[in-house]
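What follows is a short report on a single structure.
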Amino acid sequence: MTGGVDGRGRALALCRPLALCGALAVVVVLLAGCATVPTPGAPDPGAVDTSAPAGATGLRRAFPAGAGADYQLGGAYPPPPGTGIVVRDSTADPAPGTWSVCYVNAFQTQPQDRERWLREHPGLVLRGGDGEPVADPGWPDELLLDISTPQRRAGVAEVVTRVVDRCAAAGFDAVELDNLDSWTRSGGAFTADDAEALAVDLAGVVHARGLAVGQKNATDLLDRLPARGYDFAVAEECVAFDECGAFTAAYGDRVLDVEYVDGPDADPAACGDPGGRPRTTVVRDRLLVPAGDPGYVHRAC
């Protein structure tokens, strides 16, 4: 699957997490022992070390509020003239001359990685009462990751960190973390508090590499994550779902809104009222195909 969105507008793109148990070729050590039982006063064994590596002096560049944007999860291509923000998958290279955002699916597996997670990280995949993996009902090829305990969150963080390392090494300026709201599809197996705990750990990982970290959708966390270090937000269809005000109240002008249409005859109304949508809003085709494809749509609002 090269990209696309489900019924809610959640973008789906390539993300290739690597093996959990291999030694990391980075300065930060992520796990202090997966099976350790915490003792009173001792550090949380599931906590991720988010200390900055030597030489880290802050974010590379801050969100360029009001800049034109493109959302290229379906394949990389030269951005349209005037584009200042480009989001691409973690397997792609950043767009030269733009504030480049690296897409990372942090809370669920990607369809092409389903079997790899089941084979290499079976204890990190959420299981139902019948022992079978729990899939996202709106996208059955995506499995939910089990973030119900500190140890499991640390395991997920280790895998995701390897993807973040690739984003940093490639030269991206920021990371967008997707599926923060997977707890709403977990049948009560874990909660918003569990999601927040992992989201905060991952924010530390991203910041330690000098990158900005972005909240993807998940309006229920808008009263939590901005205060816990998140720098900007990516909102999908906040005009269509009347959520833009909630995002701008939390992040001000540091919001990228992506509105979707189903074909090249895009409805100009998708851009919404200039007074009610984020300054940085772009209209894309729902399948996020590259420029040159017959279904390609890109309109800056």
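Since every read-out is calculated from the coordinates, none of them should be taken as a lab result. Source: prediction; values computed, not measured. Backbone-built Cβ (ideal geometry, glycine too); neighbour counts: all protein chains shown.
Within the P(r) computed for region 210-277, what percentage of the Cα pairs occupies the region above 15 Å? Considering region 210-277, 50 percent of its Cα-Cα pairs are separated by more than 15 Å. Across region 132-251, C-alpha contacts under 8 Å between residues 6 or more apart give a mean separation that, scaled by the residue count, equals a relative contact order of 22 percent.
Please label the shape of region 52-181 as rounded, prolate or oblate, based on the square roots a ≥ b ≥ c of the eigenvalues of the alpha-carbon gyration tensor (a/c under 1.5 means rounded; beyond that, a/b larger than b/c means prolate, else oblate).
prolate
Residues whose amide H falls under 5 Å from that of GLN215, counting only those 5 or more places apart or on a different chain, are ASP231, PHE232, ALA233, VAL234, with hydrogens built in the peptide plane. Here region 99-240 is treated with +1 on each Lys and Arg Cβ and -1 on each Asp and Glu Cβ, and its dipole about the Cα centre works out to around 400 debye.
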